[in-house]
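Report on the following structure.
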Number of protein chains: 2
Amino acid sequence: MESDSSEQVWIDFKTAQQLPLSAMPPPPSSLTTSLLPHNWQEKCDHRKQAQLDSIPSEWILKPLPKEQLNVMAIPRQCGLLSQLELEITETVDIATLLENLRLGLWSSVQVTTAFYKRAVIAQQLTNCLTEIFVERALARAKEVDDHLARTGTVLGPLHGLPISLKDQFSMEGLETIMGYAKWIGRVATSDCVLVQLLYECGAVPFVRTNVPQTLMHGETHNHVFGRTLNPYNTSFTPGGSSGGEGALLAMKGSPLGVGTDISGSLRIPSAFCGLYTLRPSYARLPYYGAVNALEGQESINSVLGPMANSMSGVKIFTKAILGTEPWRRDPLVLRKPWSESEYQLEYHGGGGRLCFAIMWDNGVVKPHPPLHRAMRTVKRALEAAGHQVIDWENHRHLEIYKNAETIFAADGGHDYLAECEGAEPLIQTMQLSEHVTDLEVPKSSIPILEEPLVKKLVGRPHHRSAWEASLDFGNYTKKNANLGNPTWITGKQPLCGQQLDDLSMQLFALPSHIQRFRMALTRIDSFYTTLCSALDLTCSVFPVNSVDPTLDDIQPPHEFYNHEDEHIYGIYEADKFPGCPVGLQLIGRVQEEEAVIRMTEIVAEILKASFMGMSDS
Amino acid sequence: MESDSSEQVWIDFKTAQQLPLSAMPPPPSSLTTSLLPHNWQEKCDHRKQAQLDSIPSEWILKPLPKEQLNVMAIPRQCGLLSQLELEITETVDIATLLENLRLGLWSSVQVTTAFYKRAVIAQQLTNCLTEIFVERALARAKEVDDHLARTGTVLGPLHGLPISLKDQFSMEGLETIMGYAKWIGRVATSDCVLVQLLYECGAVPFVRTNVPQTLMHGETHNHVFGRTLNPYNTSFTPGGSSGGEGALLAMKGSPLGVGTDISGSLRIPSAFCGLYTLRPSYARLPYYGAVNALEGQESINSVLGPMANSMSGVKIFTKAILGTEPWRRDPLVLRKPWSESEYQLEYHGGGGRLCFAIMWDNGVVKPHPPLHRAMRTVKRALEAAGHQVIDWENHRHLEIYKNAETIFAADGGHDYLAECEGAEPLIQTMQLSEHVTDLEVPKSSIPILEEPLVKKLVGRPHHRSAWEASLDFGNYTKKNANLGNPTWITGKQPLCGQQLDDLSMQLFALPSHIQRFRMALTRIDSFYTTLCSALDLTCSVFPVNSVDPTLDDIQPPHEFYNHEDEHIYGIYEADKFPGCPVGLQLIGRVQEEEAVIRMTEIVAEILKASFMGMSDS
């Protein structure tokens, strides 16, 4: 029987892939939510069942492959997708997809159906979705098709394109649960601004994707929808907090997704899942009307950004949304239109000969061998293409990181506790880690700050200034001598003379593959990603290669920077991670979205060309 | 003897114009600075004497007119300025001044000398200055002149122009005292970014101007340099906190000044002194390296802006600074170049037929009769010029104001107390007012917040959204129906159909003339100015006319909104204020600096033309 078999699968999925709650150590008493109703888990299970019921029965995988760790090939193998549906969903160049939609070669109903089927396959393998609303999305797709048929014109620059959305982007008439049991049944009475603008652009929002409880975590797990898995290895996490998007996009269950990022939540899952993303500076893209965590914390802000299998998706989304003049709809958005000349790298000498700086190690946590190899690969490819690559040494990483952690903890955990109170337990990995090290900063303690938060923020403009000055380091003495104490400039002098504009791009190591369930290692990646959030630097993530045990041997122990570094060193075992994607972060300046997109395109093109012509060692 | 006579004048100024400290009621014990050194006042007097000594003796007024309340005519009458110097200093059109400098008709040394003399005259009459450095400024002027002579080209868009700076903009080798006794002797080791950029533009920073202790006040008084007076009536304040600039510019002792504004500090003195100003949105202009109060408070930010006797000065300054790409020097500055098309009102139909909305009354404090007349005057003039003017009713003023006050008080006064501690008393008018009303919000209480500040900030995006939506109110139902509850839209429907872009300009009443010494009435004006700070709306102030007892009769009492309103009503007596300038505020949207400048020019041109052709009643 169909329903029995599918029910069994889901139950299997929720228990086998997840440690039983009873195995959790009890949380510290201050963090226990009082008066937990006896049926809280039942309520979550009920909602999860409703999700399952929303899947058309003919899209259910039978049997569900349970032993396979890498599930990436299953969409091709399972037989649920037609040849055309495979062709559509594997068109990672969004410009091509849109062109085919515009020309009517593919209808939006066809494209949306293809991605929806593949999304539902991905869901069964990785548990990446929250809201599933097939009929509604197909009705929208039909509306878009009808418009084209009737008028001969597209609705907008995203005409007919299905777009997946992290479970924060409210849509009228749908729940926005955002990982909280208490939010079950909260039906949005309006679309958030992003969704309004996506409709205006002709897009078809078609699924929403899973998040961690509280959003403030680099994994993706909550009591309502369960845990999302990494399709490259289902015993690994896809990262978080935009982990539902990460798993879905990796499986090509969506051509383009939108996630958010307050300290790495776009970048971690993009790196872990082999995707491209853009973390724009704050307020470049419209967040208004979306639900969020830590509202009222205004010092380090969450931003939204696109995630995709190609830079084409990243660029097209960003340009389309800016083209709607989003500041007219969201008062917090910068009045700054897309700049074609910035995209053409007018501030970077046109892009013909760029100078990149690589930070091999941030001095807090040493990247694992595959990341080091990825950086070497990129360096060699860039140099072969005529660009310059210089070394870049870290500075103030730990200080900036601790400052950011203080800001995130400024409400003493009230935000999370209030949402869990009387509804569900606060998930363990969000609580104070038992693994307390010298890097530990206060996280979820009540009551709050002993001294005013503002005092802790005094240094922030100086961090930003110092960092930005450091990006200019060839120019440092000339222009920025009086912006701060220059002793922290430890990078070598640039080799590229006075072409200072090109110095603003950095490559950083993002240890994308070491995250595993229940290890609470968010801090590891956060060390590399929080930097850009704290300084509001525009940055991207791009995939480079994947872990290869024959090339990525364990290195002899270095002199550990701290306990955290030692701990992370110990985690790496080359043969645990074969095939896991490795991504790097490319960092520009504040509000340099156009230039960062273009530079990432350049890097991606060079990498693609170099992989065709040279060995990867 | 020259020195004796000048010393006597200064002593007279410091005592007669200022209530003796002994007359102050004792501050609440929590605000008393402990261990005040017995010689604190001596230390201040000593610094004040050093300032006096920095004035060339031949520029000292003899005798100093002491009985005159309106001292505006004295620069012309005193005989210290040559005919050319009068011509130079009364050239309020900055484009003309710069053209004459560029053509070499006037050298920068001539121009700087002329303004310096007049600044020193203003200083003796209003006590508007802090740092006086004649030789240094003239050496810079000579450098600029030499460059032109040598190369035939100007150094930059502000070539040769003397510019006055509020006592926050640090200059290498000079003290930046910012109204604190403790800061005496703090010599800056570098120029702040603004000063660096002014040099790059060819300008001649030539004086710094007085501020209130703590900066957080709409008057201008501190223990080091004393109290600044309004040259239109020296028994009145010029406003604050950029009050030194206000008095100096009103007396034409500077062609262009730079002040700052966190809740009205550019706008209050500009209105009280008959000047133009621009309060840009946060981070449009470079603040980095300037000293400030409340550092680390990141929710409502201080901004810097130009003040001048003409809009020409406001525009030229803004365009020149943006032309230096200030984001390269100050990482907090938006990467947003000057937009000529926004200046040409591309988003406002080109500016041919605009639609303005006037808020006659914010529902918290009713403007005094001269302000109401100014609004009527503007309405008539705009309509006569073919523009539309509609009524605009207030909403949420008090709620937004209280939220802002909470943010300003978030550190419990620690910032002020730390700077005064062991050095001087905290000035009384910055302390909790004895005049507690239903509008009172916590100000300087220790310890700090009982609940997290962030919780109080949650509503801020909604305030901004709601307000921005309200600017669009013709369009409200169509576009913004789901951004909030529409019931607060109380304005009438626009008369101008679908030309919605033009609706974004508002005129607000700024009660510019009721401020008097020691009345602690900052709240009055703040009710009107804090709004734009809290919502980060770009706005300008422009002068309209002046108080005329024959036209500005006391009105019968209205139904008072609150005690504050009743109190303020009682202050007005038409015959106390004759000749005091009356200014209004023009409000645009976030980061709409170019458009606000152009609209203010349009309004100013229309007012100028209308005053030539019609009676002012």
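What follows is calculated from the coordinates using simple rules that are stated; it is not laboratory data. These numbers were taken from a predicted model, which means no experiment stands behind them. All Cβ positions, even for glycine, are placed from backbone atoms using ideal geometry, and neighbour counts span all protein chains on display.
Across the range A:177-256, Cα-Cα distances exceeding 20 Å account for 41% of all pairs. With a 10 Å cut-off around each Cβ of B:295-307, the average count of Cβ atoms from other chains is 3.
What pairs from A:Lys48/A:Lys608; A:Lys252/A:Lys319; A:Lys117/A:Lys366; B:Lys43/B:Lys315 go past 32 Å between their alpha carbons? Please report the intermediate quantities before stating the final value.
Numbers: A:Lys48/A:Lys608 41 Å; A:Lys252/A:Lys319 22 Å; A:Lys117/A:Lys366 41 Å; B:Lys43/B:Lys315 41 Å.
From A:Lys48/A:Lys608; A:Lys252/A:Lys319; A:Lys117/A:Lys366; B:Lys43/B:Lys315, over 32 Å: A:Lys48/A:Lys608; A:Lys117/A:Lys366; B:Lys43/B:Lys315.
With a sphere of radius 9 Å drawn around the Cβ of B:Ala595, what net charge do the other residues whose Cβ falls strictly inside it have (Lys, Arg +1; Asp, Glu -1)? Result for the neighbourhood of B:Ala595: -3.
Applying the Karplus relation 6.51 cos²θ - 1.76 cosθ + 1.60 with θ = phi - 60° to the range A:309-315 yields 3J(HN,Hα) values of 8, 8, 5, 4, x, 5, 5 Hz, where x marks Gly and Pro.
For the range B:118-214, rounded, prolate or oblate, judged on the Cα gyration tensor with a ≥ b ≥ c (square roots of eigenvalues), a/c < 1.5 rounded, else prolate if a/b > b/c? Here the range B:118-214 falls in the prolate category. Per-residue 3J(HN,Hα) values for the range B:212-218, derived from phi via the Karplus relation 6.51 cos²θ - 1.76 cosθ + 1.60 with θ = phi - 60°, read x, 3, 6, 6, 8, 7, x Hz in sequence order (x marks Gly and Pro). A Förster radius of 51 Å, combined with the Cβ-Cβ distance separating B:Ser57 from B:Glu99, puts the computed FRET efficiency at roughly 0.90.
Counting Lys and Arg as +1 and Asp and Glu as -1, what is the net charge of the other residues whose Cβ lies under 10 Å from the Cβ of B:His558? Working shown, then result.
Details: positive: B:Lys366; negative: B:Asp361, B:Glu559, B:Asp565, B:Glu566.
Taking every Cβ under 10 Å from that of B:His558, the sum is -3.
Residues whose amide H lies under 5 Å from that of A:Glu131, counting only those 5 or more places away or on a different chain, are A:Arg208, A:Thr209; hydrogens are built 1.01 Å from N in the peptide plane.
Taking 0.36 nm per residue of separation and subtracting the Cα-Cα distance, what length does fully extending A:Lys608 through A:Gln77 add?
On the way: separation 531, 0.36 × 531 = 191.16 nm, distance 2.65 nm.
Here the answer is 188.5 nm.
With a simple spin-label model that places each label point 7 Å from the Cα along the Cα-to-Cβ direction, the separation between B:Ser235 and B:Glu135 comes to 4.3 nm.
For the range A:526-615, what is Rg from Cα atoms divided by 2.2 N^0.38 Å, rounded to two decimals? Don't jump to the answer; show the numbers that get you there.
Values: Rg = 16.2 Å, N = 90, 2.2 N^0.38 = 12.2 Å.
Taking N as the residue count of the range A:526-615, the ratio is 1.33.
Please report, largest first and rounded to whole Å, the three semi-axes of the ellipsoid equivalent to the range A:46-116, where each semi-axis is the square root of five times an eigenvalue of the C-alpha gyration tensor. Write down the numbers at each step before the final one.
Values: eigenvalues 141, 55, 22 Å².
Semi-axes (√(5λ), whole Å): 27, 17, 11.
Working note: Karplus 6.51/-1.76/1.60 with θ = phi - 60° gives the range B:242-253 the couplings 8, x, x, 4, x, 5, 4, 5, 4, 7, 6, x Hz, where Gly and Pro are set to x.
Shape verdict for the range A:326-414, please, from the Cα gyration tensor: rounded (a/c under 1.5), prolate (a/b greater than b/c) or oblate.
Numbers: a/c = 2.87, a/b = 1.11, b/c = 2.59.
Oblate shape, in that a/c is at least 1.5 and b/c is the bigger or equal ratio.
Would you mind classifying the range B:186-310 by shape? Square roots of the alpha carbon gyration tensor eigenvalues, ordered a ≥ b ≥ c; an a/c under 1.5 is rounded, otherwise it is prolate if a/b is larger than b/c and oblate if not. Because its axes are fairly even, with a/c under 1.5, the range B:186-310 counts as rounded. Per residue of B:288-294, other chain Cβ atoms within 10 Å of the residue Cβ number 2 on average. Distant-in-sequence amide contacts of B:Ile358, defined by a placed amide H-H separation under 5 Å and a gap of 5 or more residues or a different chain, comprise B:Ile390, B:Asp391, B:Trp392, B:Leu507.
With label points set 7 Å from Cα along Cα→Cβ, the inter-copy distances at B:Glu135 are 8.8 nm, sorted shortest first. The residues neighbouring A:Trp106, those whose beta-carbon lies less than 11 Å from its own, together hold a net charge of -3 under the Lys/Arg +1, Asp/Glu -1 convention.
The three principal axes of the C-alpha atoms in the range A:274-325 carry coordinate ranges of 34, 29, 17 Å, sorted with the longest axis first.
Close amide-amide hydrogen proximity is noted between B:Arg279 and B:Cys539, B:Ser540, B:Val541, each under 5 Å apart and 5 or more residues distant or on a separate chain (H modeled in the peptide plane; Pro and chain starts excluded). Rg then Dmax, both in Å and based on the Cα atoms of the range A:232-295: 12.1, 36.
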